[in-house]
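The values are calculated or read from the model by the stated rules, or taken from the named source; none is laboratory data. If you're wondering where the values come from, they're calculated on a predicted model, not measured in any experiment. Neighbour counts are summed over all protein chains in view; Cβ atoms, including those assigned to glycine, are modelled from backbone coordinates with ideal geometry. Accessible surface areas use protein heavy atoms only, side chains included; no ligands, DNA or RNA. Shrake-Rupley method; radii C 1.70, N 1.55, O 1.52, S 1.80 Å.
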Amino acid sequence: MTSTLHVDSVTKDFGSVRAVEDVSFTVDEGKFVTLLGPSGCGKTTTLRMIAGFETPTEGRVRLGDHDITTEEPYLRPTSMVFQNYALFPHKTVGENVGFGLKMRDVPADERSDRVAKMLELIELPGIEDRGIDELSGGQQQRVALARALITEPEVLLLDEPLGALDLKLRKNMQVELKNLQEELGITFVYVTHDQEEALTMSDEIIILNEGEIEQRGTPTEIYESPRTRFVADFIGDTNLLDGTYVENGNSAAVECGSVDVPIDSLSAAADGQSLSVSIRPEKIALGDGAGNGTETAVTLRGEVEDVIYQGNVAKVHVTIDGTELVLEQQVIDTVNLPTPGSECTISWDQENTNVLTG
Amino acid sequence: MSSQDDVAADAVRPQPTPETGTLRERVLEWADSEVFKGAISLGPVLLLLTVFYAVPVALLLIYSIFVEDPFASGLTFEHFGRFIDVSAITSLQFSELSYVRLLGRSIGIAVIVTVLSLVISYPITYYLGQHAPERWKIALVMLVIIPFWTSYLIRTYAWIPILSNNGFINSALTTVGLPSLPLLNNYIGSIIGLVYVFVPFTILPLYASMEGLDSSLIEAARDLGASRWEAFREVVFPLTLPGALAGGVFVFIKTAAAYVTPSLLGGTSGRMYAQVIETQFGTAFNWNFGAALAVILVVVVLGTIWIAARWGIDVKGSRGLGGGGL
């Protein structure tokens, strides 16, 4: 049985506030999909509609051929990992993990066997009798995961599960979560506002903004080819330039103040239309003023304004007739960092210029 | 002299003179001592409790063990003996044990009222704490408190036209052709009146517990396959038990010693223990026996609560009722 998760034109109103507007997506079985967006973008509400804690105002939620839009949470083959873990403070680790089995009337012997196996899977064997308050944040996180997985859900829903962990632990858990998901082959729908987390773990990312989907794609597509200004700005650092589209014979450019950024001519855009372009800092190379002219390279002349050393990389701020661009350089040798005030050229491959239509 | 004392001394007198330092230093040092600070902060409370609580209870105890006037007559346990009536027990005439039976009935009514109050409070506080819109919460809690603005006596009197044989409820019942119910001047009247008066005292602490209960715990239970009832039994009830116990103990104590409500609504079968105590003090002028009855009530109520507390601690120790499955 293939159980693709379908979210069809789902809208959710809370009183007069529209939290989610006409959101549709599908998640194939065994995929890791992330709903990414700033707080208040509707990602958690969308997740809660899949879990059954909220009923959509309009639209349907289906799992395979089964319409689960109005089904009670406890009847759905979904499990949720909560942001604050929501572990039962009055129950032991074993009772927490075994809760779902107890509710399904699994006999006590089988229950303790499966709890033990699940605790081994999360690499915390033998802690059944501990209290929740005796666990560290990372351990609580794993126990919450074990509790959600023990009922063998078809879809695991995770609501910012790593938000409360410190950075190092979070990075470890990201990798572990991804490995676990691949090992179990369960569909994961993951909600986060942390773009780096989304890029690290997801098969696909759905970017939400003000209750609507901005863009959906693989991490590479989202990062390398953002389609809207919002996506380019939200994911990673970038140089965002606003300007107007100018077509000149068979060449075209976006005039951004003092800088003309050449682009491929667009059939959809009219002369004079407002457009934005995005160029990632790490795609821009710094030259000494001589230029490095390959055929598709965009080369501009400017002056080094500022150099911010960050250890492995240095951010170089360059002004081109008053327009500032930031580029990122690997620091191989601190002696060769550019000096502020010096003349320079910057260049990037034209295909790394992203034209943003929204 | 430490710098801290300097600051304190300056505060008392802007221009300190070293010559007068010794006395002032001693006073200030004493004022800074832990004993003085402790006495200052705890003193008023201790004084209040001593005058209004410890002394009256001590007087009760003293009255209960003297034949008549304290210290002017002999020591005796006859008043306690009159309560227990050993001859009635040895001759198996249990119906003669009127005081014991009355205390038993009072405790029984107190248990029923406590349980009913909690049963009524749970759904109300669950709604208030978990589902009520934030901006309505204060207003709804105020609705619980507002009845306190009216006299307890008047509110109790108000039940008479509601419960009496030709009152609102029975008129409504007879109008639709149902037999009328005896609701007034019996123990049902006492129970209804007491539950009405004491429900707010279980609602308020239970509301505090419910308000503090993380709603994602209930969602987690529901998500993991618990029905609404199972989520209540496994999560809501054990986690709000402290609030329920706090409210329940208070209601139990107050109900076991209830006087006004059973006097007005209880009749003969709703007669409660505190009414007998009042009779001894007010009508019979047997203060010694009245005091003995009061001491017995205090001991029995405290004993009941002690047992309940032990049970409550056990519940917590086992991490929730019915939670010890694994």
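Here the mean projected area of the convex hull built on the C-alpha positions of the stretch A:237-356 is 7.5 nm². Residues B:GLU29, A:GLU95, A:GLU71, ordered by accessible area of protein heavy atoms at a 1.4 angstrom probe radius and largest first, appear as B:GLU29, A:GLU71, A:GLU95. Heavy-atom surface analysis with a 1.4 Å probe gives chain B a carbon and sulfur content of 70 percent of its accessible area. Among B:TRP136, B:TRP30, B:TRP311, the residue with the largest mean-square fluctuation in a Gaussian network model of chain B, with springs joining Cα atoms closer than 10 Å, is B:TRP30.
The lysines within cross-link reach of A:LYS171, meaning a Cα-to-Cα straight distance under 21 Å and a gap of 8 or more places when in the same chain, are A:LYS31. Between B:ILE120 and A:ARG130, the distance separating the two model label sites (each 7 Å from Cα on the Cα→Cβ line) works out to 4.6 nm. Within the protein assembly as shown, all pairs of alpha-carbon atoms sorted by distance into 10 Å bins from zero give the percentages 3, 10, 14, 14, 13, 14, 12, 8, 5, 3, 2, 0, 0. Classify chain B as rounded, prolate or oblate, taking a ≥ b ≥ c as the square roots of the eigenvalues of its Cα gyration tensor: rounded when a/c is under 1.5, otherwise prolate if a/b is larger than b/c and oblate if not. Here chain B falls in the oblate category.
Angle of helix A:137-149 to the longest C-alpha principal axis of chain A, folded into 0 to 90 degrees and rounded to 10: 60°. Over 30 Å between Cα atoms: which of A:LYS91/A:LYS178; A:LYS91/A:LYS117; A:LYS102/A:LYS178; A:LYS12/A:LYS102; A:LYS43/A:LYS117; A:LYS43/A:LYS178 fall into that group? Cα-Cα > 30 Å for A:LYS12/A:LYS102; A:LYS43/A:LYS117; rest within.
Mean separation of Cα pairs under 8 Å and 6 or more residues apart, divided by the residue count, gives chain B a relative contact order of 22 percent. Straightening the chain between B:THR283 and B:PHE71 buys 74.0 nm, computed as 0.36 nm per residue apart minus the Cα-Cα spacing.
Residues in the stretch B:235-260, backbone N under 19 Å from the label point at B:ILE154 (7 Å along the Cα-to-beta-carbon vector): list them, ranges by number please. Label zone hits: B:260. Using C-alpha pairs under 8 Å with a sequence gap of at least 6, the mean separation divided by the residue count of the stretch A:5-232 gives a relative contact order of 28 percent.
Computed on protein heavy atoms with a 1.4 Å probe, the accessible areas place B:THR50, A:THR45 in the order B:THR50, A:THR45, largest first. Rounded to the nearest 100, the interface formed by chains B and A buries 2500 square angstrom of accessible surface, both chains summed, with a 1.4 Å probe.
Averaged over its residues, the stretch B:94-324 has an accessible area of 48 Å² per residue, based on protein heavy atoms and a 1.4 Å probe. Projecting the Cα atoms of A:TYR190, A:MET49, A:PRO89 onto the dipole axis of the stretch A:5-232, where Lys and Arg carry +1 and Asp and Glu carry -1 at the beta carbon, places A:PRO89 farthest toward the positive end.
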